[in-house]
1. For residue 57, all conditions in the list (1) surrounded by 11 or more Cβ atoms within 10 Å (Cβ to Cβ); (2) more than 16 Å from the chain's Cα centre (by Cα); (3) touching a residue at least 24 places away in the same chain (Cβ under 8 Å) hold save one; what is the number of the exception?
2. Please state which of the following conditions residue 73 fails to meet, knowing it meets all the rest: (1) under 17 Å from the mean Cα position of the chain (by Cα); (2) within 19 Å of residue 122 (Cα to Cα).
3. Return the pair list, or none, for Cβ contacts closer than 9 Å from residues in the range 69-91 that are on the phi > 0 side of the Ramachandran plot to residues that are part of a strand (DSSP E or B), at least 6 apart or on different chains.
4. Residue check, residue 69 against (1) in contact with a helix residue (DSSP H, G or I) (Cβ under 9 Å, 6 or more places away or on another chain); (2) open to solvent by 50 Å² or more (accessible area, probe 1.4 Å); (3) assigned to a strand (DSSP E or B), all met but one. Which one?
5. Please state which of the following conditions residue 128 fails to meet, knowing it meets all the rest: (1) in contact with a strand residue (DSSP E or B) (Cβ under 7 Å, 6 or more places away or on another chain); (2) open to solvent by 20 Å² or more (accessible area, probe 1.4 Å); (3) within 13 Å of residue 17 (Cβ to Cβ).
6. Residues that are of a type in the set (A, V, I, L, M), at pLDDT 90 or above, open to solvent by 50 Å² or more (accessible area, probe 1.4 Å) and farther than 16 Å from residue 26 by Cβ: does the range 102-110 have at least one?
7. Could you please find all residues in the range 20-50 being assigned to a helix (DSSP H, G or I) and surrounded by fewer than 13 Cβ atoms within 10 Å (Cβ to Cβ)?
8. Every residue in the range 44-81 that is farther than 29 Å from residue 104 by Cβ and either among the small types (Gly, Ala, Ser) or in contact with an Asp or Glu (Cβ under 9 Å, 6 or more places away or on another chain) (or both), please.
Amino acid sequence: MDAVTQHNNQQAQRKAAMSVLAHAEAGEIAARLHALALPAHQDLRAPENGLVMLRGRVGGDGAPFNLGEATVSRAAVRLASGEVGFGYTLGRDGEKARLIALCDALVQSSDFGAAVEWDIIAPLREQLMVRRKQVAAQTAATKVDFYTMVRGEG
């Protein structure tokens, strides 16, 4: 496998992991991380809160406009072996951003990448899918099909 393909695979794996971690609860991530023997690491950027501007488009393809601002938290962590992870999350949860950054660094590590995928990301992905199916089932239960209603003839 050439270097470009390997880099693209790693980027895709990181993107998928960040998607799962961003939707998980901080307590769930922390509990699963504490089950691993974590390597030495340091905070490159302590968790901090800030704002981002949300942009919208009318109809999805119209002219962009500023919709409003959202609060975000971010952090950066470096493992002793040199891998650097970044974590961002909506809201003011600095600890969750730090946990996400730590997971991002671990995913890049050759020693911990597979363990993080199996012990943290995969179970959290499964929980997320179960929650989404429950919400979809609850939503479907309230669906009204107006096309099957019979009109009265008067």
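1. (3)
2. It is condition (2) that residue 73 fails.
3. 91/49; 91/70; 91/71; 91/72; 91/73
4. (1)
5. Here residue 128 clears every test but (1).
6. no
7. Those that are assigned to a helix (DSSP H, G or I) and surrounded by fewer than 13 Cβ atoms within 10 Å (Cβ to Cβ): 27, 31, 34.
8. 59, 60, 62, 63
The values are calculated or read from the model by the stated rules, or taken from the named source; none is laboratory data. In this text, all values refer to a predicted model and were calculated from it rather than measured experimentally. Note: ideal-geometry Cβ built from the backbone for every residue, glycine included; neighbour counts use all protein chains shown. When the accessible area is computed, the model is the full protein with side chains, heavy atoms only, and any ligands, DNA or RNA have been set aside. Shrake-Rupley method; radii C 1.70, N 1.55, O 1.52, S 1.80 Å.
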